[in-house]
Amino acid sequence: MYLSKIKPRWVVVFVLLNLHAVGVWGMYDVTYREQFEAISWLNLLVSFFAVAAFHTPRNLHAVYYLAASFAVGMLAEIAGVATGYLFGSYYYTNKLGAMAGAVPLVIGTNWALLGYCSGMLVAGIQSVWQRMLAAASVMVGIDVLLEPFAIEH
């Protein structure tokens, strides 16, 4: 049977692509935007755990990378919110759930997810420095796309 040849990770990719497509539609549709904002934290968590569940090989290196990405992201956001440096003056509302230092914990999860996905997209680049620059560029590009949704209207 053809369906038995479909790899589970491709099912997850398909589900996540559709989840995000519906999310983009919901965030642009003023009728549903408030409802989609209210569950956007859930989208981040589902995405993170789906990606983590299918990462191979399963080893401590991956755990350390995700933990470090989470920690660096949270520290950067906490410093940014507190001082206005790094990213300019901004603040988070309570729409994204539990917070540490005025930053929702799910934002650290987002940093880990974006760092991981950006790294995977450029994994074929041989030079470490070029790979780092490419991954950082991917993250900035994603941030440019996501930023309009983050602004309070």
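The values are calculated or read from the model by the stated rules, or taken from the named source; none is laboratory data. Only a predicted model underlies this, so the values are computations on that prediction, with no experimental measurement involved. Cβ sites come from the backbone with ideal geometry, for glycine too, and all protein chains shown count toward neighbours. Heavy atoms of the whole protein, side chains included, go into the accessibility calculation; ligands, DNA and RNA do not. Shrake-Rupley method; radii C 1.70, N 1.55, O 1.52, S 1.80 Å.
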(message) What does the extension gain come out to for L145 and N59, with contour length at 0.36 nm per residue minus their alpha carbon separation?
(response) 27.8 nm
(message) Quick check on packing: order 134-140, 90-96, 28-34 by the mean number of other C-beta atoms within 10 Å, highest mean leading.
(response) 134-140, 90-96, 28-34
(message) Suppose all protein chains stay in the model; what accessible area per residue would a 1.4 Å probe give for the chain, in Å²?
(response) 69
(request) Would you mind computing, in nm to one decimal, how far apart the modelled labels at I125 and Y32 are, each placed 7 Å from Cα along Cα→Cβ? (result) 3.5
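As a check on your grasp of the helix formula, calculate [θ] at 222 nm for the chain: sum -39500 (n - 2.57) over DSSP H runs of n ≥ 4, divide by the residue count, round to the nearest 500.
Details: 6 runs with 106 residues, N = 153.
Mean residue ellipticity at 222 nm (helix-derived): -23500 deg cm²/dmol.
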(request) Kindly identify the chain as rounded, prolate or oblate by the Cα gyration tensor criterion: order the square roots of the eigenvalues as a ≥ b ≥ c, call it rounded if a/c is under 1.5, otherwise compare a/b with b/c, prolate if a/b is larger, else oblate. (result) oblate
(message) Can you tell me, using C-alpha contacts under 8 Å and at least 6 residues apart, the relative contact order of the chain as a whole percent?
(response) 18
(message) Cβ neighbours within 10 Å, averaged per peptide: list 43-53, 110-120, 11-21 in order, most packed at the top.
(response) 110-120, 43-53, 11-21
(request) Kyte-Doolittle cut-off 0.5, length cut-off 24 Å along the helix's own axis using Cα: show which whole DSSP H helices in the chain pass. (result) 8-28, 60-83, 105-121, 128-150
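Please report the carbon-and-sulfur percent of the accessible area for the chain; probe 1.4 Å, protein heavy atoms only, DNA, RNA and ligands left out.
73
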